[in-house]
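So the structure is just underneath, and the comments pick up after that.
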Amino acid sequence: MMARLIIATLAVLCGLASGQGDRGAQSVRIHSAPFPNAPPAPQPGPIPGSTPDSLPPEFRCLSAFSVRKATRGSSTVRSGSSTRVRFQDVLTAEGGWSPSENDFLAPCRGLYFFSFHGVAPDGGDFTLALIKNGQYQVTAYGGKGNYQQGSNSALLLLNQGDLVHLELQQGSLYEHPHGEAYTSFSGFLVKDY
């Protein structure tokens, strides 16, 4: 029995050393009883008719982003107009975030969580809105005072191709003149369908 175990181990190691790995490995069959408590062999590729929950993680939709520091050009808006907030720094972009458009394009249908934060300049205020496909969702407001802040979050059901962005609807956002960042926007996929 020990000799068969050693032969099976060597056969598996030789298969891995030859570059076959999990996806291309061929099963090794020893003419004896199977090993007790052995895990089932991995199945390559999605199985027709499977649901997203039953697929291996590499075949599921993955999406997360986090951006910070509003640019000076989009940090002030006069009342009666609005503008898309543009960001200087991308911290994470794992599917969906467009640095050139400063918006999120849903790569798949699912539940997505978004959060955002802003700071008003000293003596100023701001209204910052989360927009989905051109429609208002939730608002953060920073009132007049000494660098007041506002933040909000939302859990949204998005279809593939839905667009989400932040819009400064009135007022100004304050950003530190150096490396610190006070405006941020993050989102991630909670569950795909």
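Compute the relative contact order of the range 67-193 as a whole-number percentage, counting only Cα pairs closer than 8 Å that sit 6 or more residues apart in sequence.
About 36 percent, as a whole number.
Out of the trypsin sites (Lys or Arg not before Pro) in the range 117-193, which ones are loop residues according to DSSP with at most 16 other C-beta atoms within 10 Å?
K144
Return the loop-located GluC sites (Glu not before Pro) in the range 120-190 (DSSP other than H, G, I, E, B) with at most 10 other Cβ atoms within 10 Å of their own Cβ; answer none if there are none.
E180
Taking R0 as 25 Å, what FRET efficiency do you get between N133 and E180 from their Cβ-Cβ distance, rounded to the nearest 0.05?
0.15
What nm distance separates the two modelled labels at N146 and L62, each placed 7 Å from Cα along Cα→Cβ?
4.5 nm
List the lysines whose alpha-carbon lies under 26 Å from that of K144, not counting same-chain residues fewer than 8 positions away?
Here the lysines satisfying the reach criterion relative to K144 are K69.
Give the lysines reachable from K191 as a straight Cα distance under 19 Å; neighbours fewer than 8 places away on the same chain don't count.
Reachable lysines: K132.
Values in this text are rule-based calculations from the coordinates and carry no lab data. What you are looking at is a predicted structure, and each value in this text was computed from that prediction instead of being measured. As a convention, Cβ positions derive from the backbone with ideal geometry for all residues, glycine included, and neighbour counts pool all protein chains shown.
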